[in-house]
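Note sheet for the following structure.
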2 protein chains.
Amino acid sequence: MSLTIRLHITLHSTFNLHTNSKTKFTSYSTRIKPKPIYHTNPLIHFVYNKPKMLNSSNPVSVKSSLIDPDGGVLVDLVVPESQRGAKVLEAESMPKVKLNKVDVEWVHVISEGWASPLTGFMRENEYLQSLHFNSLRLADGTVVNMSLPIVLAIDDETKESIGSSKNVGLVAPDGGLIGILRSIEIYKHNKEERIARTWGTTAPGLPYVEEYITPAGNWLIGGDLEVLKPIKYNDGLDHYRLSPKQLRQEFDRRQADAVFAFQLRNPVHNGHALLMNDTRRRLLEMGYKNPILLLHPLGGFTKADDVPLDVRMEQHSKVLEDGVLDPNTTIVAIFPSPMHYAGPTEVQWHAKGRINAGANFYIVGRDPAGMGHPTEKRDLYDPDHGKKVLSMAPGLEKLNILPFRVAAYDTAAKKMAFFDPSRAQDFLFISGTKMRTYARNGDHPPDGFMCPGGWEVLVKYYESLQVEEASQQSTILSA
Amino acid sequence: MSLTIRLHITLHSTFNLHTNSKTKFTSYSTRIKPKPIYHTNPLIHFVYNKPKMLNSSNPVSVKSSLIDPDGGVLVDLVVPESQRGAKVLEAESMPKVKLNKVDVEWVHVISEGWASPLTGFMRENEYLQSLHFNSLRLADGTVVNMSLPIVLAIDDETKESIGSSKNVGLVAPDGGLIGILRSIEIYKHNKEERIARTWGTTAPGLPYVEEYITPAGNWLIGGDLEVLKPIKYNDGLDHYRLSPKQLRQEFDRRQADAVFAFQLRNPVHNGHALLMNDTRRRLLEMGYKNPILLLHPLGGFTKADDVPLDVRMEQHSKVLEDGVLDPNTTIVAIFPSPMHYAGPTEVQWHAKGRINAGANFYIVGRDPAGMGHPTEKRDLYDPDHGKKVLSMAPGLEKLNILPFRVAAYDTAAKKMAFFDPSRAQDFLFISGTKMRTYARNGDHPPDGFMCPGGWEVLVKYYESLQVEEASQQSTILSA
């Protein structure tokens with residue numbers, strides 16, 4: 001048996017350029033675990049057991065992997081090339097389930113092990129645990145986080161066509177066979193309950209719900225997934241789509257001794273950059289020699305008014321080109337999950353996915369995965385609940401959660417800075433919506449809000465939208 | 001470190017009078033726990049390790065307590081009599097929070113340790129864990145079940161009056177001081193989110209919501225509770241209100257070697273009795289010498305058309321008088337919790353409360369804590385979800401869950417029997433609603449549905465209701 005210690009760094013007061021630079025840790029809790037299921041985190045030794053070790057002549061050795069995937073083994077469901085022909089033949093003889101765009105995104109997610117130890121779309125036992133407990137208990141009694149139901153819906157007709165078959169073939173929207181679901185289980189899709197327990201509201205206007213749950217079938221089909229070949233999108237961005245396995249290899253190749261993940265679905269502004277650079281600086285100060293940033297934009301479904309993935313990827317490139325983030329210590333890759341906008345429930349999924357990709361630090365800010373309430377004039381979630389829920393979530397104990405104070409535009413210093421409540425009047429909050437409005441109207445945001453190259457990408461995108469809208473309008477007028 | 005083994009008895013196939021009498025166990029899972037936090041369950045040894053032990057000359061010794069309370073220690077928040085005077089004086093000087101009827105029921109529940117290790121109304125960290133994870137993680141890393149938010153709502157005016165005070169006095173609806181809440185924390189009461197995550201719906205018409213959440217204040221106040229004296233109702237039923245401590249003492253006094261709890265909020269019919277007597281028979285067959293039934297009607301808030309507590313208690317008495325249940329091996333007591341009708345979420349609370357009262361077996365049937373959907377013509381919950389969720393719930397691993405097949409009226413045998421799907425046409429399902437309709441209309445249910453003494457109690461109750469209604473109507477007409 002091994003003793004592992006969970007470190008909860010309260011960054012609100014300590015992880016801040018403007019206060020004293022001494023590393024203070026205001027809370028930690030000890031936890032005895034039945035099994036050591038991940039490699040020792042050097043930070044823990046540094047801070048808790050051997051405070052001077054990393055500054056001594058005996059540095060911590062670089063681990064081949066900084067954090068073990070959930071369940072101990074990274075799931076990989078892509079059929080080996082040698083078996084592909086036979087599997088395709090087999091799949092062709094099975095009843096078929098037609099997938100939509102988001103179903104394929106989930107197939108991608110599951111097949112590469114982002115949701116490890118999940119090996120397919122959820123059966124009812126997994127679905128119920130996810131819905132009620134945001135976690136799954138494994139056969140050995142350990143618990144992994146699993147906050148979003150990862151499910152596949154089918155309609156009555158498809159259920160009928162499956163009959164008593166045990167396996168089904170999965171068909172992409174373009175008609176191509178992409179996978180097999182084996183030892184299937186079909187159970188009721190109670191949409192109201194799924195929505196209420198996942199989003200904490202059933203108000204109309206939730207983007208994922210409107211697009212992908214309300215129109216979905218009344219049944220869910222779970223089973224073990226096999227994917228016939230790696231999922232590709234052929235959109236010019238596939239080289240950014242590194243699997244958890246590839247990311248882990250890359251971290252090893254770079255000899256990272258810490259990996260800190262930053263989830264985003266918006267363009268990177270200097271507030272984000274401040275937060276990421278500050279994290280790196282402090283990790284170095286703590287004794288890490290080579291902390292690597294995983295800049296990890298979400299690549300699946302997003303709501304209509306979010307900036308599209310290709311524009312965001314171009315913007316992220318400019319941010320690195322402009323030197324706002326250091327390319328030598330940053331890996332930019334796409335997290336292939338669709339977005340639920342389910343706040344405290346979803347942020348757990350965002351963190352859990354990054355454990356599987358090998359990140360042992362996760363940055364969380366204000367209102368993660370949140371949005372405005374669809375029918376009321378307020379945030380859908382309490383902006384502080386995300387980090388609170390994340391820090392208490394079952395199965396995430398092995399991840400170092402880095403909660404951050406919000407960054408805002410400091411009109412006195414003319415740059416993005418951590419919000420200082422003692423001079424609140426100096427700070428300007430520029431939300432994603434506000435940023436998009438600036439760009440859409442061709443207005444300039446305050447100097448220092450975003451690097452010029454990155455801003456230019458956004459302005460061009462919104463100009464192109466206006467050209468498109470104008471051309472659509474003229475088509476309508478001339479019709 | 002000790003190895004504890006969780007036994008999941010699949011009673012659907014084995015716990016049945018009509019099939020073979022051999023004890024088959026179709027599933028179990030082993031779990032290594034960091035700490036042995038409860039006494040060894042003799043059943044486990046009997047079935048798993050030493051199948052013949054209880055039949056040998058070396059019987060298992062009777063434990064002073066069959067199952068440890070959650071958190072290891074039974075919470076008792078009633079102020080010792082010697083300190084009462086001083087505490088009352090102190091409370092009088094504090095800002096006051098006025099409680100309603102259900103708030104007082106929760107004060108009762110918390111003060112006696114039914115919700116151990118909870119020591120007061122939830123602060124936000126506990127509330128969020130309950131809402132998202134149905135469980136609380138303790139400082140030592142162990143997890144206890146906590147599926148319902150046990151919270152106290154206050155309005156803006158009360159919040160204002162509390163100001164920056166750290167402690168508040170709790171005032172009963174009659175104006176009397178009943179307790180103190182210390183080191184308070186006030187946080188937002190997002191009713192929509194609470195309702196959605198607890199009930200899995202926000203449809204109008206949920207009894208607890210309509211009565212006690214919708215009209216409640218927009219703030220929740222958590223803190224450590226002290227109760228100035230034991231909560232009494234003076235309704236002639238207080239002698240049935242045994243605390244978890246008193247129940248544990250009674251089980252010890254009777255030298256119970258197994259305690260099986262039966263939660264109910266309806267009159268006991270012969271289907272219930274079949275199930276309870278069958279459980280006892282099988283526990284004896286397994287080698288237990290003295291299994292005790294805890295017949296444990298819920299005594300707090302119930303919806304308007306449920307049979308009131310006093311009538312139910314009289315009905316339960318008749319059932320024991322008529323010999324349907326054996327008074328020598330049955331303890332009838334009141335579970336003081338209010339009812340949420342929150343199905344799979346609430347059944348966990350019902351089971352957890354009984355752990356604290358010392359029961360190590362919990363019987364669960366079809367659709368526990370369920371009701372009809374308030375706006376749609378269907379059950380609000382899948383009738384099978386309750387037992388599934390219960391069997392997977394975090395923190396309930398130490399409890400033996402006994403899921404049962406549904407009992408129905410067998411028109412061939414003219415008695416209540418376990419439903420046999422091979423001759424489904426012989427069975428008549430008599431729901432709580434149907435039973436109440438029979439009694440209300442003065443109709444006789446089929447012979448063998450309920451003992452005559454018990455039935456008479458119900459008929460009298462509904463007759464008295466009709467007299468009351470008639471008198472109210474004549475008052476209206478003459479007005």
Pick from segment B:372-382 the residues that are within 11 Å of another protein chain (Cβ to nearest Cβ) and of a type outside the set (Asp, Glu): which of them is surrounded by the most Cβ atoms within 10 Å (Cβ to Cβ)? B:Tyr381
Quick check on segment B:60-67. Is at least one of its residues at pLDDT 95 or above and farther than 13 Å from B:Leu177 by Cα? yes
Can you pull out every residue in segment A:183-192 that is within 11 Å of chain B (Cβ to nearest Cβ) and either in contact with a Lys or Arg (Cβ under 6 Å, 6 or more places away or on another chain) or within 15 Å of B:Glu193 (Cβ to Cβ) (or both)? none
Going by what's in this entry, would A:Leu136 be described as closer than 15 Å to B:Lys388 by Cα and in a strand (DSSP E or B)? yes
Looking only at segment B:107-126, count how many residues are touching a residue at least 24 places away in the same chain (Cβ under 8 Å), farther than 17 Å from B:Gly358 by Cα and surrounded by fewer than 24 Cβ atoms within 10 Å (Cβ to Cβ). 5
Can you find even one residue in segment B:151-165 that is within 21 Å of A:Ser391 (Cα to Cα) and either within 14 Å of chain A (Cβ to nearest Cβ) or under 21 Å from the mean Cα position of the chain (by Cα) (or both)? no
Out of the residues in segment A:218-236 that are closer than 30 Å to A:Glu314 by Cβ and touching a residue at least 40 places away in the same chain (Cβ under 8 Å), which is nearest to the other protein chains (Cβ to nearest Cβ)? A:Val227
Would you check which residues across segment A:85-113 are closer than 16 Å to A:Ala216 by Cβ, in a helix (DSSP H, G or I) and of a type outside the set (Asp, Glu) and list them? A:Lys101, A:Val102, A:Val104, A:Trp106, A:Val107
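The rows are residues; the columns are (1) without any contact (Cβ under 8 Å) to a residue 40 or more places away in the chain; (2) assigned by the TED database to the domain that holds A:Ala369; (3) closer than 14 Å to A:Ala359 by Cα.
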{"site": "A:Gln249", "(1), (2), (3)": "yes, yes, yes"}
{"site": "A:Ala256", "(1), (2), (3)": "no, yes, yes"}
{"site": "A:Phe260", "(1), (2), (3)": "no, yes, yes"}
{"site": "A:Leu275", "(1), (2), (3)": "no, yes, no"}
{"site": "A:Arg280", "(1), (2), (3)": "no, yes, yes"}
{"site": "A:Met286", "(1), (2), (3)": "no, yes, no"}
Here are A:Ala408, A:Ala369, A:Ala417: which of them is within 14 Å of chain B (Cβ to nearest Cβ) and farther than 21 Å from A:Pro117 by Cα? A:Ala369
Within segment A:196-217, the count of residues that are within 12 Å of chain B (Cβ to nearest Cβ), out of contact with any Pro (no Cβ under 9 Å at 6 or more places or on another chain) and of a type outside the set (A, V, I, L, M) comes to 2
Checked against (1) under 25 Å from the mean Cα position of the chain (by Cα); (2) buried (at least 22 other Cβ atoms within 10 Å of the Cβ), A:Ala172 satisfies every condition except (2)
Determine if segment B:221-231 includes at least one residue that is of a type in the set (Lys, Arg) and under 28 Å from B:Glu92 (Cα atoms). yes
Show the residue pairs meeting these rules: Cβ distance below 9 Å; 6+ apart or different chains; first residue within segment A:330-348 and under 14 Å from A:Ala393 (Cβ atoms); second residue acidic (Asp, Glu). A:Gly343/A:Asp367; A:Gly343/A:Asp379; A:Gly343/A:Asp382; A:Pro344/A:Asp382
Restricting attention to segment A:272-315, which residues are assigned to a helix (DSSP H, G or I) and of a type in the set (Gly, Ala, Ser)? A:Ala273
Residue in segment B:282-294 that is over 20 Å from the mean Cα position of the chain (by Cα) and under 18 Å from B:Val364 (Cα atoms) present: yes
Quick one: is A:Val311 under 29 Å from A:Phe427 (Cα atoms), at pLDDT 95 or above, among the aliphatic types (A, V, I, L, M) and surrounded by 19 or more Cβ atoms within 10 Å (Cβ to Cβ)? no
Of the residues in segment B:131-169 that are among the polar types (S, T, N, Q) and buried (at least 18 other Cβ atoms within 10 Å of the Cβ), the one that is nearest to B:Gly343 (Cα to Cα) is B:Ser147
Scope segment A:145-204; condition part of a helix (DSSP H, G or I) and within 30 Å of A:Gly370 (Cβ to Cβ); matching residues: A:Lys191, A:Glu192, A:Glu193, A:Arg194, A:Ile195, A:Ala196, A:Arg197, A:Thr198, A:Trp199
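The values are calculated or read from the model by the stated rules, or taken from the named source; none is laboratory data. Values in this document were obtained by computation on a predicted structure and should not be read as measured data. With ideal geometry, Cβ positions are generated from the backbone for all residues, glycine too; neighbour counts draw on all protein chains shown.
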